[in-house]
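The values are calculated or read from the model by the stated rules, or taken from the named source; none is laboratory data. Keep in mind it's a predicted model, so treat the numbers as computed, not measured. All Cβ positions, even for glycine, are placed from backbone atoms using ideal geometry, and neighbour counts span all protein chains on display. Heavy atoms of the whole protein, side chains included, go into the accessibility calculation; ligands, DNA and RNA do not. Shrake-Rupley method; radii C 1.70, N 1.55, O 1.52, S 1.80 Å.
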Amino acid sequence: MEQLLVALDVDTVAEARALADRLRGAVGGFKIGSRLFTREGPAFVEELASRGDRVFLDLKFHDIPNTVAGAIAAATRLGVWMVNVHASGGSSMMRAAREAAADEAARRSVPVPLVIAVTMLTSLDQAALTEIGLTAALGEQVERLAALTEAAGLDGVVASPQEIAIIRRRRGARFHIVTPGIRGGGDAKGDQSRTLSAADALAAGASYLVVGRPIIAAADPRAAAERITVECGRES
Ligand code: C5P
């Protein structure tokens, strides 16, 4: 299923490559996060991208605009399909990211990667916001940052299952919503407290689903991905 992105949350390239080889064709792309990237570096990102896989590089950049622009340009050179920043880095940082992706893609004659933003980490609750001096209600803060993301010209946001519907309503059909925290009836929720099934997340308006453990920790990861596809009423 094209909307299904699998989080390759493993420690080694050997494990990640084996998973990608089993899942290719059954899923829409692979997410590489800070765990694998910090350990193994950019070569594996390039390896997947150069064989035609869609790679979501989930490094959540958050720095001064010039530094983020450089990081996004480097990600564009690796051939990533999607990359992200923290919306709380502000609109000039986000605009710099957007421009760097477009400029670098034009220079290299490669497609412009989707640049999306994390609004508020789902690990933060209202008390954690207060602790860092934010007085807005959590939901309001998420909506504020989603609006800022769109105004800065970015392609979309990462949003928890709870936030999909309101963001879709407010931001319209073209804004990408990428949703982790997907669990089926039989899956262990583990550390994900707010979850939705894949079918419900798509029905609420998610553009892409990020699924990690329910697929990568399954005895047969490809069968697990195919089961999710069927649950969503898709054929492949
Ligand atoms: O294994 P699981 O399906 O929970 O994996 C979800 C993936 O999405 C992980 O890579 C996790 O870091 C990421 N993620 C998340 N919640 C967020 C943002 C990212 O679970 N709010």
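Side notes on the structure shown:
- Listed here are the helices (runs of 4 or more DSSP H) enclosed by the range 1-83 that have at least 2 residues being farther than 23 Å from ASP155 by Cα and either open to solvent by less than 40 Å² (accessible area, probe 1.4 Å) or touching a residue at least 40 places away in the same chain (Cβ under 8 Å) (or both): 13-23.
- Which numbered condition SER88 fails, given (1) open to solvent by 60 Å² or more (accessible area, probe 1.4 Å); (2) more than 14 Å from PHE61 (Cα to Cα): (2)
- Candidate set from the range 221-236 (those that are away from the ligand (no atom under 16 Å from the Cβ) and either outside any helix (DSSP H, G or I) or within 17 Å of PRO161 (Cβ to Cβ) (or both)); member that is least open to solvent (accessible area, probe 1.4 Å): GLY233
- Scanning the range 151-194 for residues being in contact with a Gly (Cβ under 7 Å, 6 or more places away or on another chain) and either under 30 Å from ARG98 (Cα atoms) or charged (D, E, K, R) (or both) gives a total of 10.
- Any hit, the range 147-158, residues being in contact with a strand residue (DSSP E or B) (Cβ under 7 Å, 6 or more places away or on another chain) and hydroxyl-bearing (Ser, Thr, Tyr): yes
- Among residues of the range 6-60, those that are away from the ligand (no atom under 12 Å from the Cβ) and closer than 18 Å to ASP220 by Cβ, counted: 13
- Of all residues in the range 84-105, those satisfying the criterion of being assigned to a helix (DSSP H, G or I) and either of a type in the set (S, T, N, Q) or in contact with a strand residue (DSSP E or B) (Cβ under 8 Å, 6 or more places away or on another chain) (or both) are ALA87, SER88, GLY89, SER91, SER92, MET93, MET94, ALA97, ARG98, ALA101.
- Taking (1) open to solvent by less than 20 Å² (accessible area, probe 1.4 Å); (2) within 12 Å of the ligand (Cβ to nearest atom); (3) assigned to a loop (DSSP other than H, G, I, E, B) in turn, ALA218 satisfies each apart from (1).
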